[in-house]
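Quick notes on the structure that follows.
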Amino acid sequence: MSLAKIPKPEELMKIGYKPPATAWMKTPVDFRPGTWSYAAAAKNLAALDMPNPRAWQPSDSDWKLPENWRQIILDGMKERLEKYRSFRLFMDICVRCGACADKCHFYIGSGDPKNMPVLRAELIRSVYRRYFTKAGMCFGTLAGARDLTVDVLKEWFYYFYQCTECRRCSVFCPYGIDQAEITMIGRELLNLIGCSINWVLEPAANCFRTGNHLGIQPGGIKDMLEFLADDIEDRTGVRVDVPINQKGADILFVTPSGDYFADPGTYTCMGYMMLFHEIGLNYTFSTYASEGGNFGLFTSHEMVKRLNAKIYAEAKRLGVKWILGGECGHMWRVIHQYMDTMNGPADFLEEPVSPITGTRFENARSTKMVHIVEFTADLIKNGKLKLDPSRNDHIRLTFHDSCNPARAMGLFEEPRYIIQKSCNHFYEMAEDTIREKTFCCGGGAGLGNDENMEMRMRGGMPRAMAVRDVVRKHGVNRLGCICAIDRVTLPPLMDYWVPGVTVMGVHELLANALVMKGEKERTTDLRGDSI
Amino acid sequence: MKQSVNILLSFIAILAIALAAAAAGRADAPGWFRILPYAAFGLFLAGFVYRVIRWAKAPVPFRIPATCGQGKSLPWIKSNPLDNPAGPLGAIGRMAAEIFLFRSLFRNSQTEIVDGRPVYGSAKWLWFFGLMFHGSLLVVVLRHLRFFTEPVLPAVTGLSALDGFLEIGVPALYLSDATLLAGLAFLFLRRAVLPQVRYISLFADYFALLLIAAVAATGLLMRHFFPVDLNAVKTMAMGWATFAPVAPKDGSVILYMHLCFVFILIAWLPFSKLMHLGGIFMSPTRNMINNNRSLRHINPWNTPVKVHTYKEYEDEFRDKMKAAGLPVEKE
């Protein structure tokens, strides 16, 4: 646990948007406790064959960098400028109009000008100009260029690990400049000299070895899922199967490990299992590919590919027809926008067809992986599920669009359709805070750790305040989402800003309402709360 | 402080160009004005092509559109083809909306903390004046084509007539001149006055606005206050266009200034942030189709990586898997 004290909400809300008197290039970074994440442990770097494993912390004055660190970074920049059009273009065409400035949840919550996406990008753009453009080489500061120094590097670390890669700024940018892309490359560069955070690299190392980010071994996964099956039986009287590593299953189901490991994700996982049982789906979990989430996305493109490779490999080994994916945010960024390109083609799988409704998921015909809300919405539409929404009458729900399904997929209506059919009290938050304009939970991209708590509360403030509005207007008491990181980071955010609001996945809501064959009369929801 | 220096320096730079142009006008300028247009236009063309090729040479390894509306999924779910294109037509439409209507900027809002909570107010001013500025600039550029063709293209004559339909003054004030200056004034004041925008602004940000303003101002001065011999100007421009440059006759100081500002603007454009003119077409978050899962995107450098195979995994955990009753490949 971090020793940093988090200010009270009233204190934290005193946010000033007036920039400091000193120019940004002359304002050094301040590693204030509560606003940064611990450095990656040497063992995790070593486990992933990454450079410069050592004991250090960002608050140290000496970061124990390799002697030629500057050359490594500049070479890395050159390589990436040649490999990514996005990176070169985003370095070149920003006009600093500032439309993105107050769209970032970290800027809104902190008032720190370097959290304006434009300035976060200028941190690296200034170095780009100095070493890769003639104007920067000749005119230096006048052209907005500066030398790459240890102080600049520390600034990169602080602010690239103070961006959750949510892409909200990109929606408002007239050129679509995506700070997530710049942050991803910035983090890649930092990783070249061993500067990462432990909350990213430990999960990545665990995923690599055990298949899931929590490092749960095969027996543990089975125990957890059996335990959830016991709970389901207790609530519903129905015993569901727990198929694991089954060859010959039709469908491989991959979900974030948070779903079967920690509340309230476990209730969502129970929801999946109940649904699959009810429709008689021939599916299997896998212990090797036991993680949908991909902490490579917060490390480097190479690491995305290394971790993601397991999903197709396991689908091939088990001989399934296609893959179904659980509720998760950045997992779906990877599956939707990277998996097929990196690890495809998945020509050993079949085009996904729902075995229950016969619906062909045309939108997933190449990747062969379907999002569970697409799958479930189709079931409901075809009348395959019997739902009793009144069982959710104790819940007054609002829905948080998770960043990546929103801005990297456009998955807006499917979860809402399931929600509308599963409960009677659903209230949308303000328009500026949902759908493509949704606000991040403040703890994505590996920042959801305890030592970074003040920054999480700041970054999550815009989301929390939008929830507070519907609490006051409509008596909302539950926040729905389709992201495992949300299910971990939103509860403390709610406790801090809007006490009394709890968090759930959409499939928990669905399973509450799901009328199962042979079930006993339900007196409680999945959490054991009476209905 | 630093920001004020940038503003001051950009004014000084503009003044210096004006003085240099005036001095050139007094000295043996005509000779220069046979070479400068080619040098400036050459730099513009070469620079523009160089920059675009530079961008184009870098591959787009992943398909990363930023989706701003419902994607195409199940047939009964209404998708938003403009903000989340599922095909080439949608992507073209999205790009057209960005380029001609500044679609994304139209979303702009302004965040303030009111009564202990953030409020997102409407803020369309940047969009309005931004669009007005760019549109006016386009009209002004098109109107100038009348100097480069003989006879003048009917479309250009028509545009000029439309632009001057208010018939204020003699010669008539062009609407686009007024809106261009209004747009520039808004953009400059916004940059210089709003603390956040001022904080992020570089010298080049002020300089670009002032340079275009200087072009417009000298143009307006010539049209309304210090008339120049338009026939001579046309002869000069036609000379450039036909690669038979002739020295301007009795060029006024204002004309030399106007030309110098224009030459510097077009020569500098490809090497400055003004290159967003070309870059916007290539932005992968905007010009790509969100068909990621239905059509495989190819990464030309899809580098092999070290993975942890199932075999390695089972080798490590086989005993535990067997103990838990999980199937294994190798007993």
If you count the DSSP beta bridges with both ends in chain A, what percent of them are antiparallel, to the nearest 5? 20 percent
Could you state the number of Å between the C-alpha centres of region A:64-89 and region B:231-252? 49 Å
Of all the stretches in chain A, which is the longest one without any exposed loop site, taking GluC sites (Glu not before Pro) in a DSSP loop (any state but H, G, I, E, B) with at most 11 other Cβ atoms within 10 Å? A:68-520
Sum up the charges of everything whose Cβ sits under 12 Å from the Cβ of A:F285, counting Lys and Arg as +1 and Asp and Glu as -1, but leave A:F285 out. -4
Cα-only radius of gyration and Dmax that characterise region A:165-279, units Å: 19.2, 55
Pull up the cross-link candidates among the lysines for A:K305, meaning alpha carbon to alpha carbon under 20 Å and not fewer than 8 places away within one chain. A:K83, A:K316, A:K368, B:K306, B:K311
Over all alpha-carbon pairs in region A:346-385, figure out the percentage whose distance exceeds 16 Å. 29 percent
Could you quote the convex hull projected area for region A:375-423, Cα atoms only and averaged over all directions, in nm²? 3.7 nm²
In deg cm²/dmol and to the nearest 500, what is the mean residue ellipticity at 222 nm of the protein assembly as shown if only DSSP H runs of at least 4 residues count, each as -39500 (n - 2.57), divided by the residue total? -15500 deg cm²/dmol
Radius of gyration and maximum dimension Dmax of chain A, Cα, Å: 23.2, 78
Counting residues in region B:100-241 as N, plug N into 2.2 N^0.38 Å and put the Cα Rg over that result. 1.31
Positive minus negative residues near A:D525 (Lys, Arg vs Asp, Glu; Cβ under 11 Å): +2
Rounded to the nearest Å, what's the spacing between the alpha carbon centres of region B:166-210 and region A:480-529? Just the number, please. 53 Å
On the first, second and third principal axes, largest extent first, how far apart are the outermost C-alpha atoms of region A:155-216 in Å? 44, 23, 15
Work the Kirkwood hydrodynamic radius out for region A:492-531: mean of 1/r over every pair of different alpha-carbon atoms, inverted, in Å. 11.9 Å
For region A:74-156, what percent of Cα pairs sit more than 19 Å apart? 42 percent
Diffusion constant of region A:204-513 at 10 °C, which comes from Stokes-Einstein with the Kirkwood Cα-pair radius and 1.306 mPa s, µm²/s: 82 µm²/s
Computed over region B:1-147, the convex hull of the Cα set has an average projected area, in nm², of 16.7 nm²
Could you pull out the chymotrypsin sites (Phe, Trp or Tyr not before Pro) across region B:51-121 that fall in loop regions by DSSP (anything but H, G, I, E, B) with no more than 16 other Cβ atoms inside 10 Å? B:W76
Could you list B:D315, A:D92 so that the one with the fewest beta carbons within 10 Å of its beta carbon is first and the one with the most is last? B:D315, A:D92
Any lysines with Cα under 20 Å of the A:K5 Cα? List them, leaving off those in the same chain fewer than 8 positions away. A:K14
With a sphere of radius 14 Å drawn around the Cβ of A:D347, what net charge do the other residues whose Cβ falls strictly inside it have (Lys, Arg +1; Asp, Glu -1)? +2
P(r) of region B:2-304 in 20 Å steps, Cα pairs, percent per bin? 25, 53, 21, 2
Quick one: order B:E150, B:E167 by neighbouring beta-carbon count within 10 Å, fewest to most. B:E167, B:E150
Output the direction-averaged projected area (hull surface divided by four) of the convex hull of the alpha-carbon atoms of region A:238-387, in nm². 8.6 nm²
Given chain A, longest segment not containing exposed loop chymotrypsin sites (Phe, Trp or Tyr not before Pro) (DSSP; at most 15 other Cβ within 10 Å): A:32-347
Neighbouring Cβ atoms within 10 Å as the yardstick, rank B:H276, A:H301, B:H258 fewest first. B:H276, A:H301, B:H258
Helix by helix through chain B, keep the DSSP H runs that span 30 Å or more along the axis on Cα and average at least -0.5 on Kyte-Doolittle, and give those back in order. B:2-26, B:29-57, B:203-224
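A short reminder: the numbers here are calculations on the coordinates, not readings from a lab. This structure is a prediction, so every number in the text was calculated from the model and none was measured. Counting neighbours? That spans all protein chains shown, and the Cβs are built from the backbone with ideal geometry, glycine included.
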